[in-house]
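What follows is one structure encoded as C-alpha cells, with my remarks underneath.
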Amino acid sequence: MVKYKEGFSAQMVHYLLNTLTAKRGALLDPFSGTGTALFASRELGWEATGIELLPVGCAITKARQVAEQMELKALQQEMKTIRDIDFSAIKPDSPIRHIAITEGAFSQETEDQLNGYLTYCENRVEDPHLKTFFRFAAFCILERVSYTRKDGQYLRWDYRAGRSLVKSKFDKGKVYPFKEALQLQLDLMVEDLLCDDMDLFKRKKPKKEPRIRLIQGSCLEELCKLDDEYFDFILTSPP
Ligand SMILES: C[S@@+](CC[C@H](N)C(=O)[O-])C[C@H]1O[C@@H](n2cnc3c(N)ncnc32)[C@H](O)[C@@H]1O
C-alpha cells in the first residue's frame, strides 16, 4: 500500500546469499530502502545492518520490525475500539503542518478525521508497537483519502481540489472517506500478518533471532562510524 518501486525482492536476496556464500555472518545494506535485504537475509540467519536516508524507508522498516513484536489479541482489541470512534470529534494536539505542495490535499472533513486519529494514536494507544502500527496505517492511506495522486516525482491534482491550473480535468476516481480507507487498510495489514508466508503470530521465534539494526542517515556520513572488517557481505544498490 506504500508506493516504493526501488525495492529488492526477497527471492533475489535469498538467491544471492545462497549462491555466493556458504557461511552466515553480518550483512550490510548501505542503501536499505524499505529493508527487504535486511529481513530477507535475517530469514537465512544473517545479522543485518541497514542505512537509509529517507524517513519513508525508515518508517516502513520500523513498522515491519514492530509488527513482529505485537500481540495479536491486543491488536484485535484496539481495532474493535477504533471502529466506533468519531475521530473528527477529537481535538488535535498538533494538527498536521502542510507544506506548499500539500495544501488543500484533503477535504476539511478528512483532515479533521486524520488529525483526530493521530491524536488518538498518540494519547490513547499505550503499547508503543501498536502505536507505530496504527500511525503507519494512516500513512498508507494518505493518497487514497486525498485529492492527489503521486506521478513520478510530482503530485497530480484532482479537479475537485479546485487548485488545478491546467485546463484538462484530472479525475482520480473515488476519494475514500477516512474511516472507510482506514478500516480497509487495517484489515489488509492484519490479513498480511496472518498469511502463511508471514505467519508472524503463529511462527515460533527462535530465542535468539539475529537482529536487524537500522541507522537513519546518509551512508556517506554513517559508514565511517561502523567497525572495520565487521561485515561479511555487502548488498548494495546503487553499487
Ligand atoms: C535502490 S533503493 C534500495 C532498495 C533496498 N536495498 C531494498 O531492498 O528495498 C536505494 C535507496 O537508497 C536511499 N539513499 C539514497 N542516498 C542515500 C544515502 N546517501 N544514504 C543512505 N541511503 C540513501 C534511497 O532513499 C533509496 O531508498
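Can you give the local net charge around GLU47? Use residues other than it whose beta-carbon is closer than 9 angstrom to its beta-carbon, Lys and Arg +1, Asp and Glu -1.
Details: positive: ARG24, ARG42, ARG211, ARG213; negative: none.
Once all neighbours under 9 Å are counted, the net charge is +4.
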Inset, instruction - Among the listed pairs LYS5/LYS131; LYS150/LYS174; LYS3/LYS225; LYS91/LYS174, give every one whose C-alpha distance is greater than 21 Å. - result: LYS5/LYS131; LYS3/LYS225; LYS91/LYS174
Inset, instruction - Starting from 0 in steps of 5 Å, tell me what percent of the Cα-Cα pairs of the chain lands in each bin. - result: 1, 6, 12, 15, 15, 15, 13, 11, 7, 4, 2, 0, 0
Inset, instruction - If a/c stays under 1.5 just call it rounded; otherwise compare a/b with b/c (prolate if a/b is bigger, oblate if not). Do that for segment 1-90, with a ≥ b ≥ c from the square roots of the Cα gyration tensor eigenvalues. - result: prolate
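For segment 72-204, take N as its residue count and report Rg(C-alpha) divided by 2.2 N^0.38 Å. Please report the intermediate quantities before stating the final value.
Numbers: Rg = 16.6 Å, N = 133, 2.2 N^0.38 = 14.1 Å.
Compared with the compact-globule rule of thumb, segment 72-204 sits at 1.18.
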Inset, instruction - List, in order, the whole-Hz ³J(HN,Hα) value for each residue of segment 89-103 obtained from phi through the Karplus relation with A = 6.51, B = -1.76, C = 1.60 and θ = phi - 60°; use x for Gly and Pro. - result: 7, 8, 6, x, 5, 9, x, 4, 9, 7, 10, 3, 7, 10, 4
Inset, instruction - In a Gaussian network model over the chain where Cα atoms closer than 10 Å are linked, find which of MET189, MET12, MET70 has the largest mean-square fluctuation. - result: MET12
Inset, instruction - Select from LEU38, LEU130, LEU220 the residue whose mean-square fluctuation is largest in a Gaussian network model of the chain (Cα-Cα springs shorter than 10 Å). - result: LEU220
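For segment 123-188, what does the relative contact order come out to in percent, with C-alpha contacts under 8 Å and a separation of six or more? Working shown, then result.
Working: 53 pairs, mean separation 21.1, N = 66.
32 percent.
What net charge is computed for the residues neighbouring SER237, neighbours being all others with C-beta under 13 Å from the C-beta of SER237, Lys and Arg scored +1, Asp and Glu -1? Numbers along the way, then the final one.
Values: positive: LYS5; negative: GLU6, ASP29, GLU52.
Summing Lys and Arg as +1 and Asp and Glu as -1 gives -2.
Within the chain, what's the longest run with no GluC sites (Glu not before Pro) in a DSSP loop and at most 14 other beta-carbon atoms within 10 Å? Give the range, please. Intermediate values should be presented prior to the final figure.
Values: sites that count: GLU6, GLU71, GLU103, GLU126, GLU229.
Value returned for the longest uninterrupted segment is 127-228.
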Inset, instruction - Apply the Karplus parameterisation 6.51 cos²θ - 1.76 cosθ + 1.60, with θ equal to phi minus 60°, to every residue of segment 129-139 and state each ³J(HN,Hα) to the nearest whole Hz, in sequence, with x for glycine and proline. - result: 5, 5, 4, 4, 4, 6, 5, 5, 4, 5, 4
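Where a number appears in this text, it was derived from the coordinates with a stated rule and is not lab data. Treat the numbers as computed from the prediction; the structure is a model and nothing was measured. Cβ sites come from the backbone with ideal geometry, for glycine too, and all protein chains shown count toward neighbours.
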